[in-house]
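Below is one structure, written out as structure tokens, with a few remarks after it.
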Amino acid sequence: MESFQNISPGSHFGKSCQLQTAVCVQQAGPDGCGVLRQHIEIVHERSYDILVQFGVVVQDETEFPGGPCNRQVVVFGKPPRFAAFHPDDVGKVGPGLPEMFFAEPICRHNYLIADGGVRDYAPQARVQDVGPVHTDDYDAHLNHIIAKLIKIYHICSYMQVGVLHRRQFIICRHPVEREDFLALDLGGGFYLSYHKDLTLRSCPAECGGEAVLLGTALCSDGSLNPMSRLAAVRDFGTLCDAVYSFSGRWTVIWNGHILSDPCSLSCLFYGEGEPVVSSSLALIGDCFPRYRPGEGARELVQGQLPDWDISPQTRLCGVRRAFCNQYLLLGESKLEVVRYEPLHPESYACLPVEQRISRIVAGFDCLFRNAASNWNNIVIPMTAGVDSRTLFALARHSGAAFSTVTMEHGMPVSDRRVPECISRITGVPHRFIAAGKLDPGRLDIWRGHTAGACVSEDAYFWAAAQYDEIPSDALLVRGNVWEAFSLYWKWRFDAADGREEILSSASASMPGLAGTSFCQWVDWWLDGKGPFTDWRDAMYFHQRQSCWLGYIEQALDLLECDHIVPLDCAYLMSLILSLPENIREGKKYQKEFVRSLSPEISGIPYNALTFRESFAKYMTELRKLHSLKEVRNAVTGHFRRSRFLQVL
């Protein structure tokens, strides 16, 4: 058996309560005398409060008195279930290797291991599903447990080097005492604690007080420095005016007002009943152990919609998430959640469509030029889809230097070939990053960073170290948010007006939406619909786009490089939302961007599929189609695109 006795991280992190989890496994030799010892020691702070976020529950470690043959018992699990053995089953120890009693699972990756020594600990205990593991299976089970412990060791190693809670912040009544966090006194008895890798800029505001900008913000109106706009803030109205042209993922704090980007990709989580605000559920759970995962938290599965937590409720009891048109106001005794409207498409309704299109292009020109002045390396992920090619055409029109990248995944053939074809035609550098070996420990870090709320495919890019190939000095520019304006969910849900009709339509087409949190969102939307007058468009923007994508963007804070979604800009989204529906439907205006800005690549079909891919996709999607007309249109569209692969 391989020895892991040298795995013993000796340094602790943070300045709060330090607990040590030592795992000692001893196996008696064949003669009952010799001992083979495996020892793994893990040091962490508040072990349950942190590691529960990874789905690995490690609350305590108990070592029982040694019995014959220097056997020792290690219990590695949750305290209420330590005493997991019936007294009639213990003490059955004969010569040679002892029997082991093995209980699994109490929860995921949580095990109890014990032998006869347990009688010295809890002779009155009784539990079901506990049985003896005979001596022939001893080595296999010991290897199994050691593998689990090594996985946890890797998690703790990431925590020790400051990856956990990377680029996150929390606002509460006291500074967070962690070695990788800095603190800023906001006044009024509140402190901002933020990870050292999170960009923070501040400036005095015109009417007094200090404006603080967290994250990455670029201006889309020609301004180079967003702080010059924040310096002119006098009240909340001028604050909204100042950030209206900001693009990226950011949070602004001014005189107790906490405002995030218009898509809320910089998440704002807040505690009910006490003034605590954070960009991270996991960080709140770490700093405030009383916030525990709810018993009814859904297990999210990628691709099984909804594969995100429906706001405003979260998977931590007592913690809610602000909607993208809400801001938070810190008071002396309470935290207020206030509604406002960041998007104003009505301001551009009187302009000709061509002028609105020109303004969108000009806004992206400013964004990419500002990005090029701050980063020498701009990288755009590319597939065969419409969104990434739209961003490609806009970036190329701006004159900024950039490259593209495609990460290997369970992809159609076109996702591999189209980006390479576009690179050959335009001369823009492109790189294909093959998938490496999946590291389960890194998957746990990803889940832990978001408290298990992100199950995107990006998690596998991270776990396979594909994202590590992006240079640390790069700006990763992602082509998301476009789909929120393409009337995407009008094909899936029926039109509805009243509360009961909406709930009925939603639960019939996507049963996972049924629940208290979705009902709360429907009531909130009906109370003041805002620019999205159709509940289906509103739900896609507020739930699928903001919540699902927001958790992904938070998880991407684990990367070494910076990252933004440039369309996360109130000014640009207002312009797009002002376009007539017949132009937005099916992403027609995006394809027009490509045709007018990069005509040489406009003839390449989007998301082309081979015959086999088309057939497999349609066998899956036929259940979603409700009429023969939809079936006919969908089939002819996919098979027409499949012919393109012969050209490539």
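Quick notes on this structure:
- Residue in the stretch 284-304 that is at positive phi and more than 16 Å from the chain's Cα centre (by Cα) present: no
- For the stretch 184-240, a residue qualifies if it is of a type in the set (Asp, Glu) and over 19 Å from ASP568 (Cβ atoms), and the qualifying residues are ASP185, ASP197, GLU206, GLU210, ASP235.
- Lone qualifier among SER504, SER456, SER472, SER486 - being among the hydroxyl-bearing types (Ser, Thr, Tyr), at pLDDT below 95 and closer than 19 Å to MET411 by Cβ: SER456
- Residue pairs whose Cβ atoms lie under 8 Å apart, separated by 6 or more positions or on different chains, with the first residue in the stretch 421-449 and free of Cβ contacts under 8 Å to residues at least 40 places away in the same chain and the second part of a helix (DSSP H, G or I) and charged (D, E, K, R), are VAL428/ARG396; ARG431/GLU469; PHE432/ARG416; PHE432/GLU420; ILE433/GLU469.
- Test: LEU186 is closer than 25 Å to ASP562 by Cα, in contact (Cβ under 8 Å) with a residue 12 or more places away in the chain and either of a type outside the set (A, V, I, L, M) or part of a strand (DSSP E or B) (or both): no
- Number of the exception - TRP462 against (1) within 30 Å of ASN582 (Cβ to Cβ); (2) within 16 Å of the chain's Cα centre (by Cα); (3) not β-branched (Val, Ile, Thr): (1)
- The stretch 167-183: number of residues that are within 22 Å of the chain's Cα centre (by Cα), surrounded by 22 or more Cβ atoms within 10 Å (Cβ to Cβ) and outside any strand (DSSP E or B): 2
- Residues of the stretch 384-429 satisfying the condition of being open to solvent by less than 50 Å² (accessible area, probe 1.4 Å), touching a strand residue (DSSP E or B) at 6+ places or on another chain (Cβ under 7 Å) and in a loop (DSSP other than H, G, I, E, B): ALA400, PHE402, VAL428
- Of the residues making up the stretch 491-529, those that are within 21 Å of SER578 (Cα to Cα) and buried (at least 17 other Cβ atoms within 10 Å of the Cβ) number 1.
- VAL243 being more than 17 Å from TYR194 (Cβ to Cβ) and touching a helix residue (DSSP H, G or I) at 6+ places or on another chain (Cβ under 7 Å): no
- Residue check for SER504: under 26 Å from the mean Cα position of the chain (by Cα) and of a type in the set (S, T, N, Q): no
- Residue-level check: of (1) assigned to a helix (DSSP H, G or I); (2) over 29 Å from ASN376 (Cα atoms); (3) of a type in the set (A, V, I, L, M, F, W, C), LEU556 misses just (2).
- Residues in the stretch 298-318 that are in contact (Cβ under 8 Å) with a residue 40 or more places away in the chain and touching a strand residue (DSSP E or B) at 6+ places or on another chain (Cβ under 9 Å) were compared, and the one that is farthest from CYS547 (Cα to Cα) is GLY318.
- Of all residues in the stretch 257-280 being surrounded by fewer than 19 Cβ atoms within 10 Å (Cβ to Cβ) and touching a Gly at 6+ places or on another chain (Cβ under 8 Å), the one that is nearest to VAL319 (Cα to Cα): GLU272
- Restricting the stretch 531-563 to residues that are closer than 23 Å to TYR589 by Cα and under 14 Å from the mean Cα position of the chain (by Cα), the residue that is surrounded by the fewest Cβ atoms within 10 Å (Cβ to Cβ): ARG544
- Per-region count, the stretch 189-244, residues crowded, with 23+ Cβ neighbours inside 10 Å and assigned to a loop (DSSP other than H, G, I, E, B): 2
The values are calculated or read from the model by the stated rules, or taken from the named source; none is laboratory data. Because the structure is predicted, anything quoted here is derived from the model rather than measured. Using ideal geometry, Cβ is built from the backbone for each residue, glycine included, and neighbour counts are taken over all protein chains shown. For the accessible areas, the whole protein counts, side chains as well, though only heavy atoms, and no ligand, DNA or RNA atoms are used. Shrake-Rupley method; radii C 1.70, N 1.55, O 1.52, S 1.80 Å.
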